[in-house]
Structures are given as structure tokens and as C-alpha cells.
1. Counting other C-beta atoms within 10 Å, which of 40, 21, 9 has the fewest, and how do the rest follow?
2. Could you tell me the number of lysine pairs in the range 6-260 with C-alpha atoms less than 25 Å from each other, where the two lysines are 8 or more residues apart or belong to different chains?
3. State the Kirkwood hydrodynamic radius of the range 156-199 in Å, one decimal place, computed from all pairs of distinct Cα atoms.
4. Under the Karplus relation 6.51 cos²θ - 1.76 cosθ + 1.60, θ = phi - 60°, what is the ordered set of whole-Hz ³J(HN,Hα) values for the range 49-65, x standing for Gly and Pro?
5. Taking springs between alpha-carbon atoms closer than 10 angstrom, which of 91, 43, 120 fluctuates most in the Gaussian network model of the chain?
6. Quick one: helix 276-285 against the long Cα principal axis of the chain, what's the angle to the nearest 10°, folded into 0 to 90?
7. Using only the alpha carbons, work out the radius of gyration and Dmax of the range 131-188 in angstrom.
8. Which value, in debye to the nearest 20, describes the size of the charge dipole of the range 6-260 about its Cα centre when Lys and Arg Cβ atoms bear +1, Asp and Glu Cβ atoms bear -1, and nothing else is charged?
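Nothing in this text is a laboratory measurement; each read-out follows from the coordinates by a stated rule. These figures come from a predicted structure and were not determined experimentally. Methodologically, a virtual Cβ is constructed for each residue, glycine included, from the backbone with ideal geometry; neighbour enumeration extends over all protein chains shown.
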Amino acid sequence: MKLESFKGWRTFAEEKSIPLWQVVLDYEMHQKGRSAEEIWARLAQVYAVMRDAVESGLREPRQTFSGLVRDTGKKLLTPPIQVVSPEFSLLLAYATAAKETNACMGRVVAAPTAGASGILPGIYVFLEKHHSIPLQTIYEAMLIGAGVALIIEQKASIAGAVGGCQAETGTAAAMGAAGIVYALGGDIDQVFEAVALTIMNMLGLICDPVAGLVELPCVKRNGSAVVIAAAAAQMALAGDTAIIPVDEMVIAMGEVGAAMDTRFKETALGGTAATPTARAIAQKIYPDLKTLRHEDPAE
Ligand code: SF4
């Protein structure tokens, strides 16, 4: 079985009467030549690293050399004014803390990339702690997330430098949304609707890291991406649909990424990175940055 489309994934699972995660497990065993036991053990190791990235990010000071990242996760643990439910704040705290661990050169799982490495840990730790989801179910959700990323990688992209931030944090959010729906008892339709809804709501997001550092807006976007993933999962579990089939949304994501100007693909020449404040920050960090600046005819 080649994991090339959501339609094919569903058809294969239904014909064989196996769950979505089993299709990915079999694919991994075939591709990597590993036993199921080895893959489950590896998933446990990967999840332990994710959980540690969250916990250490909430426990230890998190500040990068540039100063662009500074304890976002910890601030969200105990906000002085609560806008959303305390649990929802914690989801944000977990995701941003794990991403800050990455920005501060700590150990993370680049799933699907380092830039988006807070989203899945935030979601899985939230599921474990606040929904009491058993670890085995979380590992199954991780396999489903891997299947989602495999398809997006082939039909669109998972890299900010190729498809913008929609490809990076958008893919991670789609993987996470699928995992939430699966872990909370959703069926195949609902899992795929959550992916479609997530892509639909992250479509067009550009990659514009200040000074080319994967810090700002990256940490904030890991926070907003878990919100979109949770919203998509909630809509799907409520019986709502994206109307547009998930495979078509992936093609749309690829089309948008291909049409995106190179300024918005990790070059730090557009968007947030091109604001006067961001340019001043970049200039301070790299005094010879002038050669990298986007030529603006208005200047
Ligand atoms: S802005 Fe770019 S570097 Fe930062 S998370 Fe998004 S895709 Fe990654």
C-alpha cells in the first residue's frame, strides 16, 4: 500500500477492515524493514522526547541569544487574565514551551519539522493529561499523524522554504487535529474532515522568520496552530464538514505554496521579517545584512 491519498488510505483500511493507524504501521514495517515491536518502542521513545520538550520548556528559563524568544510557555501557564478556559491556555502553554525548547537548542522531535516542533507535543501531552488518553492510543494517533504528513509531503509540501508556513505549522496542525479526533473516538470521516478543516483554515500562511531565525513568529504560530487544530477537531467531532474533500484541500495547499512569492518562503525578505522593527533586529544581529534585503522600489 502506497500512502498517496486520503481516499486510497481509507479504501485500503476499509477493504482490509483495519484501522487507519494499522495501514501506516504496515507501511513503516515494509519501508523500514522493522518489526511492529520495534516501531512501537520507537514511538514510545519519540513521545518521551516530546513530553520532555514540553515539561522542560515549562520548568526551565527559555530565552534565546537573540532575545526574540522569552518564556512564552511559562507566561501562558498562569495568565493574570483568563480569556479562554484554563485548559485551553495550557494547550497553548504546552505547544509554545516545546517550540521554545527547540529555539533554545534543546532536544525536540522535528515532526514534521523543527519549526513546527511544538504543535504535536502540545496536543499529545494535552490529550494525555487532560483527556486521560492512554499512551497506546497516543502512539496510534502518532501513526495517523505520520500518514497525514506522508500524503501532504507528496502532494504539497511540509517545508516552509517550499510552501510557506501553511506547509510547516499547517501540516503539524493537520496531523494533530487528526490525532485529537482519533483519540477522542471519531471515525475515519471525522479524522479526515479535521485534516481538511485545518488545511482550509491555515491556507496561505507565509513563512517569514525575523532575521531568518526560527523563533519569531514561529513560537507564536505553534501556539495559534494548536488552536486551529483543536477548532477543526471540535468541528469535525460535532458533525461539521469542510465540504471540500481532504485530497482536494491538499492539492489547494500545494497550489498556494507553488504560487507564493519567494519572499514568503523562509528567506526573511517579506511579511513579519520585512517590517521596520524586524529589519532593525536583523541588522543588529547581522551587521552585514544589507545584501540580503528585499529591494523595495518605494525606498
Ligand atoms: S514562519 Fe517559517 S520558519 Fe517559522 S514556523 Fe513558520 S514555516 Fe517554520
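1. Final ranking by Cβ density, sparse to dense: 40, 21, 9.
2. Lysine pair count for the range 6-260: 15.
3. Working: mean 1/r = 0.0955 Å⁻¹.
After inverting the pairwise mean of 1/r, the radius is 10.5 Å.
4. Along the range 49-65, the couplings run 5, 4, 5, 5, 4, 5, 5, 5, x, 8, 8, 9, x, 10, 9, 7, 4 Hz.
5. Among 91, 43, 120, the largest GNM mean-square fluctuation belongs to 43.
6. 80
7. 12.3, 37
8. That gives the range 6-260 a dipole magnitude of about 740 debye.
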